[in-house]
Amino acid sequence: MPERLAFGPFVLNPEAGTLLRQGLPVAISYRGLLLLSAMARNAGEVLTKSELLNAAWPGTAVEESNLSVQIASLRRLLGSMADSKEWIATVPRVGYRFTGSIERLDEAAATRNSAEPEPSIAVLPFANLSDDAEQQYFADGLAEDIIMRLARLRWLFVCARNSSFSYRNKAIDVKQVGRELGVRYVLSGSVRRSGQRLRISAEASDTSTGRQVWTERYDVQLADFFTLQDQIADSVIGAVEPKLYAAEHQRYISRPPASLDAWGFVMKAMPHIWSWSSESELAVAEQLLRRAVDADPDYPRANSLFA
């Protein structure tokens, strides 16, 4: 069962590489996550700088200034406790101590204490099907770039690379991956390079059912590699986005919106937005979104899309 550490409004899942604040994903750096996990697991204890450096940069020689930068970033991210004290205390010339109270949640408690889960995805390492094993860097580069691009979307939580890449060279059961990483979708794929051509296959699956929600294959010149990365990320977004709105619709049922008409106009606009194939498509989307804003001026999604 994945370890979940609760403190204040936060729930930390070190294995899945996730940090939630009041049920919503928080963007945290890879090193920051490793440091926070080490300190939270040893709450109340002083961890030396050497111990923390080894936790965040295992087997790597780095300067202490890197640790100071990451600690400062964590403090900004976490803010202050209710009594205005900091979550992380400095022990001069020694190290740092996590001062908050930690509650270890079981699966049921974690479910009770979390809100409707945000759409989430894990991008697994792409398999290298080329004859040359050294071409693995193409496959890794593609997966890593997709992770970074998807992570820019505020509504979509993307599992940390160190967690998703632990499945390299393993037989994949998407349902099991979903349970272990706590994600709703899994993106996997393969890359085959032949001369100056690339063939890339990718698929996104729903971890609750194991069903494919999107699959695509690309045959391109090597020179088009970076354009391809954008296309794959956009296709995944288009597959996941409707699921987000379905979840939002369920929340609307339990807490009615100011205007269901506004929600309906946004739903009608989405296919035109994702098509983005012509000025006429965007014009239709703009008209529908304008009607959504007119129907409910305080509807955040309508306003953000219209803007």
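Quick look at the values:
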{"quantity": "Distance (nanometres) between label positions extended 7 Å along Cα→Cβ at Leu129 and Ser68", "calculated": "5.1 nm"}
{"quantity": "Whole-number D in µm² s⁻¹ for segment 1-98, Kirkwood Cα-pair radius fed into Stokes-Einstein, 10 °C, 1.306 mPa s", "calculated": "116 µm²/s"}
{"quantity": "Cβ crowding within 10 Å averaged over residues, with 138-145, 74-81 ranked highest first", "calculated": "138-145, 74-81"}
{"quantity": "Gyration tensor (Cα) of segment 144-183, equivalent ellipsoid semi-axes in angstrom", "calculated": "20, 13, 7"}
{"quantity": "As computed over segment 120-242, the Cα convex hull volume per residue (Å³)", "calculated": "94 Å³"}
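Values in this text are rule-based calculations from the coordinates and carry no lab data. Small disclaimer: the values here were computed from a predicted structure and weren't measured. Heads up, the Cβs are rebuilt from the backbone with ideal geometry, glycines too, and the neighbour counts pull from every protein chain shown.
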